[in-house]
Amino acid sequence: MIGSDVIRGYTDIMILFLLLNEPTYGYEISKNIKHLSDGEYTLKETTLYSAFGRLERNGYIESFPGQVTSGKRRTYYRITESGRDYYRDKCREWVQTKKLIEKFVDYNEVE
Amino acid sequence: MDIIISYLENMFAGLPRTPKTEKAKKELLAMMEDKYNELKARGLAENEIIGIVISEFGNLSELAEELDLGVAELTEETRICVGLEEAKEYITASTKSAKLIGLGVMLCIFSPILLIVLVGASKYGILGIGKNVAAFVGLLCLFSFIASAVALFITSGMRLNRFEYLKNVEFYMDRSTYAYVKQSAEAFRPNFVLYITLGIILCIVSVIPLLGTALLLDGNGFPANCGGGMLLLLIGIGVFLLINGGMVKDCHNVLLQEKEYADKNAYNRTNRIAAVYWPCVACIYLAWSFITFNWGTTWIIWPVAGVLFGAISAVSNSLRKKDKPVL
């Protein structure tokens, strides 16, 4: 079980990762996160929405109205250049964090 | 899908309607709808889908920044909404119960009157009735009054029970409900002042007949008994008015969350003391009266007990207040 406090700092990575290749909309992202995590992790709607707002205010993503599909117009998000930089920074940070914490993990204690 | 829409509506109920909250609601609904449609396409049962969508919605407090609202405002999402109907019902129930409880207390206070007067009459040979007949009729009246009072307490207590939660939880109401309650409270204010003033005057004046007979007749003779009866009669009416004023005011204060309403703990403590105290007093009264058969004098226990009770509950409440840490 991953604590929500731990994962909170990394929801940005997850969202930006899914935007790297193409713009997409809210549910598509939460569905893919669930899929990629093998159903281990579900991003709550409120978490996702607040992350969108935060990322957009920081200029890491942009929102735009998509094509009308099945009678409604979804809000799509695309990653910006500074978003890509931020993503790389966050990934680097994670690698460092992982390396650091690894030193303190005793695998004998982990079943 | 309707359930999900109304779930979201309820989540946002009570929050100010701003472009930001409207946008958040729209976006969240779009995501929930997408999820709903996909689960539906996978062939899940409706209630299963609703369960999943709602459990994966998350927590409104996460949206504080998006909505430009304080986390405090959002975490109050568990507050209950008190609608116009509920407020109206509570006010009506309180007004009715105030009358019934007031009547019940009045009956309790009235209950020994006939006994006091009749026993006095028999003692001084006024109505030509025997001591035993007087005691019998008086006691019959006493017990039937108390029995009716208990019935009134139980029925009105049950009527109000449903609204007890309002004193324990934080709730909110929409503007029209608030306006209604406020207006109702304003309209009651003159009555409240009238009831309380009259009630207090009656309680003070009540001692005059007894005092008069005591001073003029050395507290002896049939007039002293009548004075005792008058005392209880006036106190009974006074208390009826005080309860009517107090309970309806209390109900408005509870709805307006004006925290002015009686400290619930103090109220409960007084109730607990009363539950032991009054049966004890009744026991002493009956024992004393039956042993000495001096019904003409023993009634004095009631006014003494009443004043003593006031003192005891005041002391117990002020002692408790000292326990609380001063912040």
#### Entry: Inter-label distance for B:Phe290 and B:Phe143, nm, one decimal - labels placed 7 Å from Cα along Cα-to-Cβ
1.0
### Query
Can you give the relative contact order of chain A as a percent, counting alpha carbon pairs under 8 Å and 6+ residues apart?
27
### Query
In vacuo Debye scattering of segment B:2-78, one point per C-alpha: log10 I(q)/I(0) at q = 0.15, 0.24 Å⁻¹?
-0.53, -1.12
### Task
Can you list which of the GluC sites (Glu not before Pro) found in segment B:130-234 are DSSP loop residues with at most 13 other C-beta atoms within 10 Å?
B:Glu164, B:Glu170
### Query
Under a no-solvent Debye model with one identical scatterer per Cα of the protein assembly as shown, what's log10 I(q)/I(0) at q = 0.08 Å⁻¹?
-0.69
#### Entry: Inter-chain shielding of A:48-56 (mean C-beta neighbours from other protein chains, 10 Å cut-off)
4
### Summary
Helix B:113-123: inclination vs chain B longest Cα principal axis, degrees, rounded to 10, gives 10
### Query
Can you put B:Phe136, B:Phe57, A:Phe104, A:Phe64 in order, fewest other beta carbons within 10 Å first?
A:Phe104, A:Phe64, B:Phe136, B:Phe57
### Task
Mind checking segment B:70-162 for trypsin sites (Lys or Arg not before Pro) that DSSP puts in a loop (not H, G, I, E or B) and that have at most 14 other Cβ atoms within 10 Å?
B:Arg79, B:Arg162
### Query
Extension gain B:Thr197-B:Val276, at 0.36 nm per residue separation less the Cα-Cα distance, in nm?
25.4 nm
### Highest-fluctuation residue, B:Pro19, B:Pro223, B:Pro190 considered, GNM on chain B with Cα pairs under 10 Å
B:Pro19
### Förster radius 30 Å - calculated FRET efficiency between B:Arg17 and A:Lys34, Cβ distance, rounded to 0.05
0.40
### Query
What is the fewest-to-most order of A:His35, B:His252 by other Cβ atoms lying within 10 Å of their Cβ?
A:His35, B:His252
### Query
Would you list B:Ser6, B:Ser148 from fewest to most Cβ contacts within 10 Å?
B:Ser6, B:Ser148
### Query
In degrees from 0 to 90, rounded to the nearest 10, what is the angle of the helix A:45-57 Cα long axis to the longest principal axis of chain A?
80
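Any read-out appearing in this document is the output of simple, stated calculations on the displayed coordinates, not a laboratory observation. None of the values given here were measured: they were computed from a predicted structure. Don't worry about glycine lacking a Cβ; one is built from the backbone with ideal geometry, like all the others, and counts go over all protein chains shown.
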